[in-house]
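Reviewing the structure listed below.
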């Protein structure tokens, strides 16, 4: 094999690529899907099926239908067999012995990374050899920022949120706290706002996005982070550490330190729907101290954006108020003007009376707005869709005591003191953490987007009882 012209077949490229992802477990990284293989190897996507079919027939790779990180449904994933690992081992041995010129010095390919102090993948080196010269300068010049946003949901409409956008953009652009928690009730627009903000940085920074799921494990999340580290920096140290510890308990702090050490400055990590996964919460509990310490020592300004229906429990109030390690931003409903603008942009023009009736029910809740627009031919009946969503996503998960507290709060136009509820402080704090109640200077008020749905369910006897309590408070 002449080093000046090292040509690989499509099948050889795929084998070399899959060698970098041995011993993976579901949910698999995107790199093991046909799209991922095409993106990394440079093989056109239409050519991938025929190549993998041939490799399957030769028993060099396996094909399985399983979860891919960030995907909703199971998809085909490809991994090396034992025969495939042996085959690619022979190929790597042969390629590593080839000579290549680096900075006018002839060395073997296996010596390139040590000579340059880099961690280029073998396939990357081969793909950047021209006329016997490894042009690593060209790799550095072609700075490509990696982002995992391709699997994130796409939103057709995005309105307002100028104040919130300004807060998030300032947080992303300045060396402030490491973590920002964007929290609010279901359907209030947390994901769309987060994606809208971080997407503006995709040509300036590496961005990791992970949609937290119930089936997440610490191992699968760490595998995703290791995959991101390899793609964004070429650093395979964390992946090799995890592979070496697959059957043992790996040290989370050590793993995270390796991850942060390997990251480029100002990388953005976005954990979406954080409340869904207890495992990602466990991971963040173990890592948060390490992150704040690394940020201060290394000045890497790594940013972690979290969206959640409730305030996470991996940090405490002193981290927010005193230490300023964590920032919190609660989302409320959209304003009347914005909702009207949204409806008009969709060709729905309503009289003042009808509009105000609708707005009094939805209170600017974005997903409720979507339901309104989907039922424009039958607006008088649309509220049943809104109520069904609210019940399934919010009310069905409440205890009787929590419903009682929210009912009292829904009847008041102002924040109420603790005495008004005659409730256990832990129950109140639980509602605050889930963004259903808002605390202001020791007083509590209900989230405006659910106030109408809660108050309309109070029967006359209870309503009269609660109103007496509120009147007594006003007099007292």
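The values are calculated or read from the model by the stated rules, or taken from the named source; none is laboratory data. From a predicted model like this one, the values you see are computed outputs, not experimental measurements. A quick note on method: Cβ atoms are made from the backbone with ideal geometry, for glycine too, and the neighbour counts reach across all protein chains shown.
Remarks
- Residue 123 vs. criteria farther than 19 Å from residue 240 by Cα, outside any loop (DSSP other than H, G, I, E, B), modelled with pLDDT of 90 or more and not assigned by TED's automatic domain parsing to the domain that holds residue 208: no
- Unique residue being surrounded by fewer than 18 Cβ atoms within 10 Å (Cβ to Cβ), outside the structural domain of residue 369 (by TED's automatic domain parsing) and over 25 Å from residue 333 (Cα atoms) when the list is 468, 457, 443: 468
- Within segment 194-215, tally of residues that are over 25 Å from residue 230 (Cα atoms) and in contact with a strand residue (DSSP E or B) (Cβ under 7 Å, 6 or more places away or on another chain): 0
- Out of 61, 56, one residue alone is out of contact with any helix residue (DSSP H, G or I) (no Cβ under 8 Å at 6 or more places or on another chain) and at pLDDT 95 or above. It is 56.
- Residue in segment 43-55 that is crowded, with 21+ Cβ neighbours inside 10 Å and within 30 Å of residue 215 (Cα to Cα) present: yes
Okay, residues lined up against (1) surrounded by 17 or more Cβ atoms within 10 Å (Cβ to Cβ); (2) free of Cβ contacts under 8 Å to residues at least 40 places away in the same chain; (3) within 30 Å of residue 363 (Cα to Cα):
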residue: 129; (1), (2), (3): yes, no, no
residue: 138; (1), (2), (3): no, yes, no
residue: 194; (1), (2), (3): yes, no, yes
residue: 202; (1), (2), (3): no, no, no
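- Count of residues meeting criterion [in contact with a helix residue (DSSP H, G or I) (Cβ under 9 Å, 6 or more places away or on another chain) and buried (at least 22 other Cβ atoms within 10 Å of the Cβ)] in segment 182-191: 6
- Test: residue in segment 186-208 that is at negative phi and in a strand (DSSP E or B): yes
- Among (1) surrounded by fewer than 16 Cβ atoms within 10 Å (Cβ to Cβ); (2) closer than 23 Å to residue 113 by Cα - the single one residue 239 does not satisfy: (1)
- Qualifying residue in segment 22-29 (condition: modelled with pLDDT under 95 and within 17 Å of residue 123 (Cα to Cα)): yes
- Selection over segment 440-476 of residues that are in contact with a strand residue (DSSP E or B) (Cβ under 9 Å, 6 or more places away or on another chain) and free of Cβ contacts under 8 Å to residues at least 24 places away in the same chain gives a count of 0.
- Meeting the requirement of 3 or more residues that are touching a helix residue (DSSP H, G or I) at 6+ places or on another chain (Cβ under 9 Å), modelled with pLDDT of 80 or more and outside the structural domain of residue 433 (by TED's automatic domain parsing), the helices (runs of 4 or more DSSP H) wholly within segment 238-336 are 252-262, 278-298.
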